[in-house]
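Take a look at the structure set out below.
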Amino acid sequence: STMRKRKTTDSPHSSTDQREGKEELRLKQEVGLISGVSLIAGTMIGSGIFMSPEWVLHHMGSPASSLLIWAACGLLAMFGALSYAELGTIIKESGGDYIYILRIFGSFPAFLFAYTSVILVRPAGLAAVCLSFAEYAVAPFYPGCSSPQVVVKCTAAACILLLTIINCLNVRLATSVMNIFTAAKLLALLVIVVGGLVLLANGQTQSFQNAFQNTTAGIGAVGVAFYQGLWSYDGWNNLNYVTEELKKPEVTLPRAVMIAIPLVTCLYLLVNVSYLAAMTPSELLSSGAVAVTWGDKVLGRWAWLISLSVALSTFGSSNGTFFSGGRVCYIAAREGHMPDILSMAHVRCLTPSPALLFTSAMSLIMIISGSFTSIVNFFSFIAWLFYGMTISGLLYLKIKKPELPRSYKVPIIIPIIVLIAAVYLVLAPIIDQPQIEILYIVLFVFSGIILYFPLVRFKCHPRFLQRVTLHLQLFLEVAPTTRDAN
């Protein structure tokens, strides 16, 4: 086995082993139910609902079919989160998909997931959210014209650096930021919902007449529409990445899921109805920033509030993405699949600062080279590839190991539906509209084989890495951590 064995204790705080005289360092259990709901809802409500509606409508062709896609995406996210909640009560370790794949399928597929997630998927998701934050943050300074890409990318980079500082300083500070920004973005969405209801009450229902006209039926188009819609729901499994930092995870995890995801789904549907009440489908399709166009039409001179709200929303979402994304890197390193330095925590702040700094660096590279739409499509393809693998692992446990203790069980039909959807979302765009970029992504995933066998399987580590790790430990003031025995 390539997994390193570590001592375990039960205390959620750093403690001292009297028998060996060695201090044990661990991440604190700081995330309760409210913070858990905020982490899920706060990460989900980000850039997607303000940028994806036009793309869902573009691929589906009609208002009614686009609303059906939004509802179906919410249902699929709920089913997926409930399935992950059961996994989280069986395997009570942080790391989400990575730790589930590792414990169920073994070291090799888990390494491929960690390699892809840490290098590509998580940084790409964070970069996409920060780019959308930057678009809305700088838009008021360039009225009537497009914002310069240099300014947008520099603002997105500044956002990532600020998030790095917040998350490296204190877990409680990071969760407080999540709670505050989640409340702010819920308020912003309620403003849009109420505005839309007022418009509907005043008879602005033109978009809903012949609402299914021009609907697209191609499997590829529907798959890409799902990608754009599901991007807005991404974050539904974020709580599974911080299981070890949850207070009473067997209770908090399923409860937070059952509160957050239906709330977000209802808000998304009402917000889309509001957009369609304020704009015709053609106006919505031609809008570069749907929420800003809605604000111009409905709020008049107060439209700047929408830009501000969207900027706050995307900043809060990027904080949640960063919070959970750094944990994947940290847990993978703790299991021996990444350099040792990434498995360490700051001795005073008790945060996985090396992993957070690495995630930050990779995200900055993504910002330099990527655009929002391309990042979303490729992120979604690879994410659902691994979601499908994780869900198949749950089905294996339910069928082959029903005796495993679990405080929460999901009906088996739910993970089966999620698995079918994952297979569809991976294969449909390839079959209908194959793109060479998807081949590049698959090749990138399997390029991990080149690293796995020498570095993980046979542990061929250059000696200078030990000296580098020691110097980095001293510079960053970090030390190895322990974990709870679950």
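The values are calculated or read from the model by the stated rules, or taken from the named source; none is laboratory data. As the structure is a prediction and not an experimental result, all values here were calculated from the model. Using ideal geometry, Cβ is built from the backbone for each residue, glycine included, and neighbour counts are taken over all protein chains shown. With ligands, DNA and RNA removed, areas are computed over all heavy atoms of the protein, side chains included. Shrake-Rupley method; radii C 1.70, N 1.55, O 1.52, S 1.80 Å.
Sorting the Cα pairs of the stretch 107-146 by distance into bins of 5 Å, from 0 upward, gives 6, 22, 16, 13, 11, 9, 8, 7, 4, 3, 1 percent per bin. Here the chain exposes an accessible surface that is 67 percent carbon and sulfur, computed with a 1.4 Å probe and the other protein chains kept in place. Judged by the mean number of other Cβ atoms found within 10 Å, the most tightly packed of the peptides 297-304, 241-248 leads the ranking 241-248, 297-304.
The protection proxy used here, the mean number of other Cβ atoms lying within 10 Å of each residue, ranks peptides 192-198, 134-140 as follows, highest first: 134-140, 192-198. Given R0 = 35 Å, the distance between the Cβ atoms of N214 and L162 translates into a calculated FRET efficiency of 0.20.
Helix 219-233 and the longest principal axis of the C-alpha atoms of the chain enclose an angle of approximately 70°. Accessible area of T359 (1.4 Å probe, protein heavy atoms only, ligands and nucleic acids ignored): about 10 Å².
With every protein chain present, what is the per residue accessible area of the stretch 33-479 (1.4 Å probe, Å²)?
39 Å²
Judged by the mean number of other Cβ atoms found within 10 Å, the most tightly packed of the peptides 398-405, 412-419, 210-217 leads the ranking 412-419, 210-217, 398-405.
Between the residues L270, L312, V150, the greatest Cα displacement towards the positive end of the dipole of the stretch 33-479, with unit charges on the Cβ of Lys, Arg, Asp and Glu, is found for L312. Normalising the average separation of contacting C-alpha pairs (under 8 angstrom, six or more residues apart) by the number of residues puts the relative contact order of the chain at 34 percent. Dipole magnitude for the chain: about 1180 debye, using +1 per Lys or Arg Cβ and -1 per Asp or Glu Cβ, origin at the Cα centre.
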